[in-house]
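To start, the structure under review is shown below, and the notes come after it.
The values are calculated or read from the model by the stated rules, or taken from the named source; none is laboratory data. Given the structure is predicted, the values throughout are model-derived calculations rather than measurements. Here Cβ is always computed from backbone atoms with ideal geometry, including for glycine, and neighbour counts include all displayed protein chains. These accessible areas exclude ligands, DNA and RNA; they are computed on the full protein's heavy atoms, side chains included. Shrake-Rupley method; radii C 1.70, N 1.55, O 1.52, S 1.80 Å.
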Amino acid sequence: MSVAFDEYGRPFIVLREEAQKQRIKGIEAHKSHIIAARGVANIMKTSLGPKGMDKIMVGQDGDVTISNDGATILDEMLVENQIAKLLVELSKSQDNEIGDGTTGVVVLAGALLDQAERLLDRGIHPMRIADGFDIACDIAVKHLDSISETIDFDLEKGDIDSLVRTSMTTLGSKIANRAHEHLATICVKAVLAVADVKRKDVNLDLIKMEGKVGGQLADTTLINGILVDKDFSHPQMPKEVKDAKLCILTCPFEPPKTKTKASLNITSVEAYKDLQRREQEYFVDMVKRVKDTGANLVICQWGFDDEANHLLMHHDLPAVRWVGGVEMELIAIATGGRIVPRFEECGAEKLGRAGSVRELCFGTTKDRMIVIEDCANSKAVTVFVRGGNNMVIEEAKRAMHDAMCVTRNLIRDNHVIYGGGGAGGSCAPAL
C-alpha cells in the first residue's frame, strides 16, 4: 500500500490488486467450481419438463425475453464464472448439434458434479472419478442402443404420423403446447419439403421463419414458397401476378453517381430541361432492359425514387423494393433465377419463375406481405407464425426450430428412446 497525490494535491491510496486476492488450490478449487456449476444447473431445473416454468430475462438495454429454451436462457444470462461459462457452451453445442435437450444436458451435468463432490469428500482422486464417468457413459450408451425402438414412416405414401407424434413431444414443454399437433405437422412438412431423403440430409437454412403479430398460434401456416415482409412499391400496381417471371436485381433504379464529389451549375431553363430529359432517358433505358427480358415482376435490393416507380407502373412492371440480402438469395434458390448485379447483364436465362406472386393483407392495421408460391424449385419454404405479441411469436419460433431439428434427426437415424426420465431409470440398474 502506498499514498499518492493527484494534480490538485488530494491524497489517495494505491492498493496492490494481488494483495486482495487469495489463490485456492486442490480440493477447495474443485469444490468452488462445482458450486458455480451447480448454481447454473439449479436455475435451469425449474424450467425442465412439461411442468417447467418460463424464465423472464431482461437485457442490458431493457429488452425483455420470455423463454423456456435452455440455450436461450443461458445465452441471455450474464455469466462471469469461467466454469459456469462451460455449461453455457455445453448448452450451445447441444443446440447446434441436436437442437433439443438444451436444458436437460445442463441439469444432468449439474447432477453428475453433485455426485462427484461426494466422491471427492471420500478422498477419491478427480482423475479416477473422470475415468469412472467415461466407463459409465460407455455402458449407458450401449444400454440405450439396446432399448431403442425404430420409428417407421413411409414418405412416399405420406405416412408421417410417427414423425408428427415425436415432434409433439418436443413442443409439449413449450408455450406452443396449446396448438402442438398443428405446429408439429407444419414442422414435419417443412422439413420434408427441404429434405434429401436419399442422402439423409436436411438443410434447415432453406426453411425461413416469419412472424406477424395478430391472430393466434393455431393460425400459423406453412407456405410452399417465400414470404417477404414488403409490399408492391406503387399502390396501383396489381396485387397478384400469375405465371411470374422474376428479375432479381441488386442494382438501384437510379442514374449513376460519380465516384468523386462534383457540383453542377445550371444557368438556364434549357440546361435544366436537358438534364431532366437525360435523367428520364436513364430510367426509360433501365425499365426497357428489364422489360425486354420478358420479366413481369422486379425484385430489387435497393430503393428507387417516385419517377422510377411511376415509370415501372406505367410500363406494367410490378416491383418490390428494399428486399434483404438473405431473402434475395432464398428467392433466387426457390425460383431458379440468377441475381443480376447490373442492368447490362439482364437476360431471359437469368429470370426466376413462380406460379403466383400475391400481396397479403392482415388485420385492421393493413400490414402487407408478398407471397411467392409454386416456385420452380420448391426446396425453399416459409413458416408464417402468428401470435398475440412479439414475445409469443419469438418463443414459438424457438420451439418450432427444436421440433424441426428433432424431425431432421429422425430422418438421419430413425431410432428413438422414451424420455420423461424413462431412459435414465432404465440405465440405473444397468450401471
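Worth a mention:
- Computed from the C-beta positions of residue 53 and residue 178 and an R0 of 25 Å, the FRET efficiency is 0.95 to the nearest 0.05.
- Within a Gaussian network of the chain (alpha carbon springs, distance under 10 Å), most fluctuating of 240, 270, 344: 270
- Farthest toward the positive end of the dipole of the chain, out of 337, 357, 390, is the Cα of 390, where the dipole comes from beta carbon charges about the Cα centre.
- Cα-centre dipole for the range 81-149 with unit charges at Cβ (Lys and Arg positive, Asp and Glu negative), debye to 20: 300 debye
- Residue separation of residue 250 and residue 326 scaled by 0.36 nm, minus their Cα-Cα distance, works out to 26.1 nm of gained length.
- Sequence-distant contacts, meaning Cα pairs under 8 Å at least 6 residues apart, place the relative contact order of the chain at 22 percent.
- Rough spin-label spacing in nm, given labels placed 7 Å along Cα→Cβ, for residue 417 and residue 23: 4.2 nm
- For residue 218 and residue 117, a Förster radius of 60 Å and the Cβ-Cβ distance give a FRET efficiency of 0.80, rounded to the nearest 0.05.
- Global geometry of the range 58-98, whether rounded, prolate or oblate, following the gyration tensor of its Cα atoms and the 1.5 cut on a/c: oblate
- What the Cα convex hull of the range 163-306 gives, in volume per residue, is 224 Å³.
- Charge dipole (Cα centre; +1 on Lys/Arg Cβ, -1 on Asp/Glu Cβ; no other charges) of the range 229-346 amounts to roughly 240 debye.
- Highest to lowest packing among 309-315, 55-61, scored as the average C-beta count within 10 Å: 309-315, 55-61
- Total charge dipole magnitude, the chain, about the Cα centre, Cβ charges on Lys, Arg, Asp, Glu only, Debye to nearest 20: 220 debye
- Beta bridges from DSSP with both residues in the chain: antiparallel share about 70 percent, rounded to the nearest 5.
- Dipole axis of the chain (+1 Lys, Arg; -1 Asp, Glu on Cβ), positive-most option in 79, 96, 414: 79
- Helix axis angle, 82-97 relative to the chain longest principal axis, alpha carbon, degrees: 50 degrees
- Highest-fluctuation residue, 142, 397, 239 considered, GNM on the chain with Cα pairs under 10 Å: 142
- Zone of residue 367's modelled label, taken as backbone nitrogen in the range 188-228 under 20 Å from a point 7 Å along Cα→Cβ: 208-228
- Rounded Å value of the spacing that divides the Cα centres of the range 315-347 and the range 246-264: 17 Å
- Within the accessible area of the range 216-340, the carbon and sulfur atoms contribute 51%, probe 1.4 Å, all protein chains present.
- Extension gain from residue 426 to residue 138, taking 0.36 nm per residue of separation minus the Cα-Cα distance: 102.2 nm
- Three-way shape call for the range 55-192 based on the alpha-carbon gyration tensor, with the a/c threshold at 1.5: oblate
- Per-bin percent of Cα-Cα distances, the range 159-211 [10 Å]: 24, 49, 25, 2
- Low-density loop positions, trypsin sites (Lys or Arg not before Pro), the range 146-185 - DSSP coil, at most 10 other Cβ in 10 Å: 157
- Taking the range 405-431 and a reference point 7 angstrom along Cα→Cβ of residue 146, the backbone N atoms nearer than 13 Å belong to 426-431.
- Helix 161-171 and the longest principal axis of the C-alpha atoms of the chain enclose an angle of approximately 70°.
- Per residue, in Å², the accessible surface of the chain once ligands and nucleic acids are set aside, probe 1.4 Å: 58 Å²
- Two-site label geometry, residue 10 and residue 60: point separation in nm, points 7 Å out along Cα→Cβ: 2.8 nm
- Sparsely packed trypsin sites (Lys or Arg not before Pro) within the range 309-350, loop by DSSP, other Cβ within 10 Å at most 13: 342
- Rounded if a/c under 1.5, otherwise prolate or oblate - the chain, Cα gyration tensor axes: oblate
- In a fully extended conformation the segment linking residue 261 and residue 338 would gain 24.4 nm over its present Cα-Cα distance, using 0.36 nm per residue.
- With the simple spin-label model, which puts each label point 7 Å out from Cα in the Cβ direction, the residue 201 to residue 128 separation comes to 4.9 nm.
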